[in-house]
Structures are given as structure tokens and as C-alpha cells.
């Protein structure tokens, strides 16, 4: 048995990392910073309790938690707001199951987070995809257009709901108001995964908005937001907002009890409430200072030659209705660097940790708690790397990496649940062309399936997975953590067993 020393304990590792000086351009939004908001929070052990007398019960709120969530609903302008201590994922699962019956049909955007697909499997739903457009110059997903949603609805009039993600991991915002109008014409609800847009709700007032409008203000019926991603709140904290009319709220509440812990953390609950209170009281003040710091950062990055910043000029094209300017998305498609290589340089040379390193770009999350010094370090690092690429003439003549998942329209051979729960056999990925996947394959982050259960695998996809492995990207979703073998549907007879393997397993 391996002996674990005190220095090996996780909290010791976290403590050392916190003192390392590495700057976090990733979630959580509080950025581990020395700010009155974080310094005033008490010792967590001193306030960690259970559902004792006077402190209510999240699964049957009648007292202080009910009052707090009613207050939060007034702040947001929703009919109901629920505190989530199992992250946005539990809100997404609850929303999907709350608006659908077993084996119903649901329309979703293909670039949804894996939790959406998990909800679909749990309720054995039939899935119809609405595909985002592709921003080809950076090869990331654009928006979902209201016209495309209307067309999909026309061809699937038995759909029970529509679910889209906006903003995306890269800060792309779709026309939620237009989509909501089309969805409501069919008399069904619109669910928006706004996990990355929790900060949108607090940018209200007379001055010009810094951020896009929240989906809740644009007519969506259920909106899920991750507070911890872009606001000063603990990891795993989120909120779910509901509008009356198209949603059975009592049914939704039941599923929230199913997917939330029966022992909800009062640390997380108090963190949610405190975050909302702080933003409601001082959000405008915070955003005013942040706006100027963010403007200087983005202006400084607009003239890069080899690297390229995703800017507001993209609005109006590729289905993009708006962008979240706090997401710093920098493409390296014009250079010889991969996103992973660019992220490594930023980490090792400059001490800057990105939120995500994709095949050809990196994403940095900024919040109002980012310091001027931190933002200047990010700007200067990108400019120095860009200048180095220019001097070394390290431009890429032709992109060597093409991502298939955003607009790739794989053949759907069976439902997610049928593929996931049916008979399967395990093959080497290189020999899976033409077979139907029984597993997910995705890069995490962002957790958007490259292939989902029930979709047919082709040779192009296999080649892409192999390139991702060569580039060192975190390929997940498969039972085989080495990403060498994949479960595929066994269309023949026999019992479900991994002992009945093909000859590929003996290679």
C-alpha cells in the first residue's frame, strides 16, 4: 500500500500552487484574489452545518432559503430562481427531465455540453440537432440562427422543447430573443444553457452594456447559469431561473431534488447568496472599472499578425448575434503553433494559465477581479509571442488541423439511450469506421461531444482522433482512459460482455 505523506495531501498541493505565482485566466471567477469580497469570508469550518433548526432545507424550503431564493428571483426578474450546489449540470439534467416525458423528442444545438446528452440518455429522448455555423477563419462554432431553429421546428412538430447553449465556451452569443419567439409559436419551452454567461445578468442600467443581455431577459423559459465560472463564487455553484407559462414548475422542482445532493452544503449556499448580493449592490461599480481594463487589453491585441483575437467584427456573421468580450479567444491557425503549444508557452514562460487550449486556439477567462497587472501580463505575453513568430517567420502555410465536431453532421443511426444501453463490443479506434459508437468522445474542456452514442463513425473522424492523441489533447468520454479502444454497438446476437472481443483486441 502506497504511503501518503502530509505534503502529498490535496490541500497542501493547492496551498503550494496558490503560492506559485501562476496567474489564473480560468474559472473560478474569484481568481483567488486578495479582495475585500474574498477576505471577509469566515473560516469555512466555522460555518459548515447541516439542516438544523432555523436554517431551512433546500429540498423543502419554507424559511430562510425560500426567502433568499424569492429575493434572488426579484433580483434577476424571474418567476422562480433556484440555488444549485451540484453545478450547472444538475440544473441542465433537471430542466431536460422536467420538460419532457420518457421517449419524447427534443431539439438541441449540436455544440451542447455533455450534461445535456446525459439528460437525453436518462429520459431516453429522441434527439434532433440544430447545427451552429462555423467561423472558418478561426474554426470555432458560431451561433444558432432563429431561422434554422424555425426550420427544424417545422420538420419536427412533435418536439417537446428546444435547448441551446449561449454563450458558448468561446463567448459566442446566439439570437435568443429571435429563437424564443420561434419556439413559443410552437407552444413549447426554450431552455438556454447560459453557464458561461452568469455575469450578463448584472450589466443593466442606463449606460451602454459591456456584455450581452441574459437569455432570461430575452424570453427564454429556463436559464441555467454557473456563478463560479465568471463571478466571485465557489466552484460548483450555479442558479436556475424559470419563467411561468411553458414549464411545469412543480415537476421541475421534483427533478431538482433528484439531481441535487440530499446534504446540500451551506458553504456553497451562502456563497451563492453572497455573490448575488454583492453583484446586485456593487456590480455596476465593478463593471465600470473592468470595462476600461478590458478595453485596453483587447485594443492591445487587435494588431497581432500571426496570432488573431476573436473580435466584435464577427458579429452579424456566422449566426453570431453578439460576443462576450471578457472571453479572450486567440487563434494560432496562422502560425506553426498548436493551441496546446501556445498554452504551454504562456504557462511555462509567462506563468499564465489558460482556461482551455484547443487545437488551434486558446481561451482566457477574464472577470472584474482580474488585476491590471494580470491583464497587462496577458497582453504583453501574446504580443511578445506574436513578435517572435513574425521574426522567425513561423507562419503556417496551410492549417494542419481541422476540427470536425462543430459542424460535422454524422449519421444518427439510433438514439443515444439505445446505443449507450444496448449490446456492444470493444474495438481499436482505428478499426471503427462504419460502426455505431456506444460511447462519447470529447475533449475536456470544453466537453462537447466529437462523437455521441448512436452516431456512425467515419474515417475522417478516426484520423482526427489520432491527430488529437498525437498532439497530446485530453480525449475523454471512453471507458478506455488511454483512448485506444472504443465501445461500438454490436448489431449481432449475444450477451453484452467485454469478454467477447474482436481480434482487434489481440493485436
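Figures for the structure shown
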item	result
Selection within the range 27-43 - within 15 Å of residue 286 (Cα to Cα) and part of a helix (DSSP H, G or I)	36, 37, 38
Condition met for residue 26 (surrounded by fewer than 19 Cβ atoms within 10 Å (Cβ to Cβ) and under 30 Å from residue 203 (Cα atoms))	yes
Selection count, the range 1-54, where residues are at pLDDT below 95, within 22 Å of residue 87 (Cα to Cα) and in contact with a strand residue (DSSP E or B) (Cβ under 7 Å, 6 or more places away or on another chain)	2
Helices (runs of 4 or more DSSP H) contained in the range 63-138 and holding at least 1 residues farther than 19 Å from residue 241 by Cα	114-122
Residue in the range 417-437 that is surrounded by the fewest Cβ atoms within 10 Å (Cβ to Cβ), counting only those that are in contact with a helix residue (DSSP H, G or I) (Cβ under 6 Å, 6 or more places away or on another chain) and under 17 Å from residue 125 (Cβ atoms)	417
Scan of the range 168-189 for residues that are touching a strand residue (DSSP E or B) at 6+ places or on another chain (Cβ under 8 Å) and within 22 Å of residue 135 (Cβ to Cβ), ordered by number	168, 169, 170, 171, 172, 173, 174, 176, 179
Residue selected from the range 139-167 under the condition assigned to a loop (DSSP other than H, G, I, E, B) and in contact with a strand residue (DSSP E or B) (Cβ under 7 Å, 6 or more places away or on another chain), by the criterion farthest from residue 96 (Cα to Cα)	142
Single match in 282, 274 (criterion: farther than 26 Å from residue 322 by Cβ, part of a helix (DSSP H, G or I) and either over 20 Å from the mean Cα position of the chain (by Cα) or without any contact (Cβ under 8 Å) to a residue 24 or more places away in the chain (or both))	274
Test: residue 32 is under 20 Å from residue 347 (Cα atoms), outside the structural domain of residue 197 (by TED's automatic domain parsing) and without any contact (Cβ under 8 Å) to a residue 60 or more places away in the chain	yes
Selected residue [touching a helix residue (DSSP H, G or I) at 6+ places or on another chain (Cβ under 8 Å), within 23 Å of residue 167 (Cα to Cα) and free of Cβ contacts under 8 Å to residues at least 40 places away in the same chain] from 362, 330, 320	362
Some residue of the range 174-185 being in the same structural domain as residue 247 (by TED's automatic domain parsing) and under 16 Å from residue 366 (Cβ atoms)	no
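The values are calculated or read from the model by the stated rules, or taken from the named source; none is laboratory data. None of these values were measured; they are calculated from a predicted model. Ideal geometry is used to build each Cβ from the backbone, glycine not excepted, and the neighbour counts take in all protein chains shown.
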